[in-house]
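Chemist: For reference, the structure I am asking about is given below.
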Amino acid sequence: MTEAILLVGGQGTRLRPVTVNTPKPMVPTAGVPFLAHQIARAAAAGVTHIVMATCYLAEVFEPYFGDGSEFGLSLEYVVEDEPLGTGGAIRNAGRRLTGGPDSSVLVFNGDILTGLDIAGLVESHKAADADVSLHLVRVEDPRAFGLVPTDSEGRVLAFTEKPQTPEELITDQINAGCYVFRRSVIDSIPAGRPVSVERETFPGLLAAGAKLHGVTENTYWMDLGKPESIIQASADLVRGVVPSPAVPGRRGESLVLPGAEVAAGAKLSGGTVVGAGARIGAGAVVQGSIVLDDAVIGPDAQVNASLIGARASVGARTVLDGTVVGDGASVGADNELRAGARVWCEAQLPAAAIRFSPDA
Ligand code: GDD
Ligand code: MG
C-alpha cells in the first residue's frame with residue numbers, strides 16, 4: 001500500500017480573472033478539474049490512500065472527488081484554519097497516515113502536471129534508503145523555483161528556494177514538486193505553526209546530515225502557475241502528450257463534452273476542449289483552447305490558445321489569441337485580443353471595440 005499527501009492550499013491559488021470563485025486546482029483541464037488528473041495518475045501508480053491538505057472548505061472538493069472510490073483509492077481531506085505553509089500542511093496531513101515510521105509517503109504539489117514514473121520514484125527512494133527523495137527537472141529559467149544541485153550519485157547538496165542573486169543560480173536543476181518522504185521525517189516537522197518545506201525543512205535536514213536523494217527525470221512537466229500553462233496542459237492532455245486516465249474521452253485533436261453543439265464547418269484542433277452546453281458557430285476555428293460549459297463562440301471567430309470562461313460569449317469574426325475571457329463575460333463581434341489580454345468575469349465588450357496593432 002502506498003500513501004500520498006496532495007497539497008492544494010496556500011495563497012495565490014485562485015485563477016483570476018476567469019474563475020474568481022474557483023480555486024485553481026478545480027479549473028477544468030481536459031474537461032475535468034485539474035486535480036482529477038493528479039488523483040487518477042496517483043491511483044494508476046498504485047497509491048491507495050490520499051490525504052488532501054487544503055486551506056479551503058472541503059465543500060469545494062468533496063462533491064467532486066468524494067471518498068475517492070471512483071478513482072479506486074481512499075481520499076480524505078484535512079482543512080487548515082490558517083495556511084500552514086507547505087511543510088506545515090504536510091505535517092498536519094501526516095496525522096491521517098496509517099503506515100509505520102519507515103513507510104514511504106508520496107507528496108505532490110497540487111499545481112503540477114507531470115509524466116513522472118511515480119512508482120519508479122518510490123522504488124528509487126527505497127533502493128537509495130533515503131530520508132526524502134525529490135523529483136528534479138531541468139528548466140531554462142530556474143528563478144521561480146527551488147534549485148537543487150546534486151552530486152554524481154544523486155545526493156542533494158543544497159536547496160535554494162527562489163534564488164535572489166546571480167551567485168545563487170548555480171544549477172538549472174529544480175524541485176519538480178513531487179517527493180517521497182520517510183514517514184518519520186514528516187512526523188519530525190514542527191506541528192501547529194507555518195513551516196515551509198522548501199525554506200526550512202529541506203535546508204534543515206541537509207544541515208543535520210539527512211539523506212536527500214534527487215531523481216532527475218526529464219519527463220513532461222508543467223507548472224500550472226499561469227493561465228497559459230493551464231491552457232497548454234489541457235491541450236496536451238487531450239492530445240495524449242501526457243497521459244491521464246481522467247480525460248473523459250479518447251485522445252485526439254479535440255474533446256467535445258456531451259451536450260456541446262459544434263456547427264458543421266467549425267474547426268476544432270490542437271487539443272481544444274468544448275464544455276457541456278457550449279456552442280461553436282459555423283466557420284469558427286478553435287485551436288488549443290479551453291471553452292468552458294455554456295460558452296458561445298460566434299460564427300467565423302478565431303480562437304487560439306485561449307481560455308473562454310463558463311457562459312462567456314465571443315462574437316462573430318472576433319480573433320482571440322493567448323487570451324482569457326472570464327466567466328459570463330461577453331466579447332462583441334469583430335474584436336481582436338491578443339497576447340495576455342484578460343477580460344474580467346461578466347464584463348461586456350462592445351462589437352468592434354478593440355483591434356491589435358504594433359504600429360498604427
Ligand atoms: N495545504 C496547503 N497549505 N497547501 C499549500 C500551502 C499551505 O499553506 N502553501 C502552498 N501550498 C500548496 C500549493 O497549493 C501548491 O500546490 C504547493 O503547495 C506549492 O506551493 P506554491 O505556492 O505553488 O509554490 P511555488 O509554485 O511557488 O513553488 C513550489 O513549486 C515549485 C515547482 O512548481 C516549490 O516547491 C518549488 O521549490 C518548486 O520548484
Ligand atoms: Mg506552484
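The values are calculated or read from the model by the stated rules, or taken from the named source; none is laboratory data. As the structure is a computational prediction, the values presented were derived from the model and not from experiment. For neighbour counting, all protein chains shown are included, and Cβ atoms are generated from backbone atoms with ideal geometry for every residue, glycine included.
Chemist: Please pick out the residue among 98, 150 that is within 16 Å of residue 47 (Cα to Cα), β-branched (Val, Ile, Thr) and modelled with pLDDT of 95 or more.
Modeler: Selected residue: 98, the only one of 98, 150 that is within 16 Å of residue 47 (Cα to Cα), β-branched (Val, Ile, Thr) and modelled with pLDDT of 95 or more.
Chemist: Related question: Of the numbered conditions (1) under 20 Å from residue 25 (Cα atoms); (2) surrounded by fewer than 23 Cβ atoms within 10 Å (Cβ to Cβ); (3) in the same structural domain as residue 70 (by TED's automatic domain parsing), residue 175 fails exactly one; give the number of that condition.
Modeler: With (1) under 20 Å from residue 25 (Cα atoms); (2) surrounded by fewer than 23 Cβ atoms within 10 Å (Cβ to Cβ); (3) in the same structural domain as residue 70 (by TED's automatic domain parsing) applied to residue 175, the lone miss is (2).
Chemist: Only one of these is touching a residue at least 40 places away in the same chain (Cβ under 8 Å) and of a type outside the set (Ser, Thr, Tyr): 260, 207, 246. Name it.
Modeler: Matching residue, one of 260, 207, 246: 246.
Chemist: Does residue 273 satisfy being away from ligand 1 (no atom under 16 Å from the Cβ), farther than 29 Å from residue 72 by Cβ and either in contact with a Leu (Cβ under 7 Å, 6 or more places away or on another chain) or assigned by TED's automatic domain parsing to the domain that holds residue 174 (or both)?
Modeler: Answer is no for this residue.
Chemist: Only one residue in 232, 173 is away from ligand 2 (no atom under 16 Å from the Cβ) and polar (S, T, N, Q). Which one?
Modeler: The match here is 173.
Chemist: Restricted to the stretch 50-86, and to residues that are over 19 Å from the mean Cα position of the chain (by Cα) and part of a helix (DSSP H, G or I), which residue is surrounded by the most Cβ atoms within 10 Å (Cβ to Cβ)?
Modeler: 70
Chemist: With the structure loaded, tell me whether residue 219 is within 30 Å of residue 321 (Cα to Cα) and away from ligand 2 (no atom under 14 Å from the Cβ) or whether it fails that test.
Modeler: It is true that residue 219 is within 30 Å of residue 321 (Cα to Cα) and away from ligand 2 (no atom under 14 Å from the Cβ).
Chemist: Name the residues in the stretch 153-170 that are over 22 Å from residue 104 (Cβ atoms) and modelled with pLDDT of 95 or more, would you?
Modeler: 157, 158, 160, 161, 162
Quick grid of which residues meet (1) in the same structural domain as residue 195 (by TED's automatic domain parsing); (2) of a type in the set (D, E, K, R); (3) touching a helix residue (DSSP H, G or I) at 6+ places or on another chain (Cβ under 6 Å); (4) under 13 Å from residue 216 (Cβ atoms):
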{"site": "95", "(1), (2), (3), (4)": "yes, yes, no, no"}
{"site": "100", "(1), (2), (3), (4)": "yes, no, no, no"}
{"site": "116", "(1), (2), (3), (4)": "yes, no, no, yes"}
{"site": "120", "(1), (2), (3), (4)": "yes, no, no, yes"}
{"site": "124", "(1), (2), (3), (4)": "yes, no, no, yes"}
{"site": "130", "(1), (2), (3), (4)": "yes, no, no, no"}
{"site": "138", "(1), (2), (3), (4)": "yes, yes, no, yes"}
{"site": "144", "(1), (2), (3), (4)": "yes, no, no, no"}
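Chemist: Also, I was wondering about something else. Mind listing just one residue for me: the one in the stretch 66-99 that is among the hydroxyl-bearing types (Ser, Thr, Tyr) and farther than 22 Å from residue 194 by Cβ and, of those, farthest from ligand 1 (Cβ to nearest atom)?
Modeler: Out of the qualifying residues, it is 69.
Chemist: Here is a follow-up. Would you say residue 117 is over 26 Å from residue 233 (Cα atoms) and surrounded by fewer than 22 Cβ atoms within 10 Å (Cβ to Cβ)?
Modeler: no
Chemist: May I pose another question? Working only within the stretch 243-258, note down all residues that are assigned to a loop (DSSP other than H, G, I, E, B) and crowded, with 20+ Cβ neighbours inside 10 Å.
Modeler: Those that are assigned to a loop (DSSP other than H, G, I, E, B) and crowded, with 20+ Cβ neighbours inside 10 Å: 244, 246, 247.
Chemist: Exactly one of these conditions fails for residue 185: (1) within 22 Å of the chain's Cα centre (by Cα); (2) more than 16 Å from ligand 2 (Cβ to nearest atom); (3) modelled with pLDDT of 95 or more. Give me its number.
Modeler: Here residue 185 meets the rest and fails (1).
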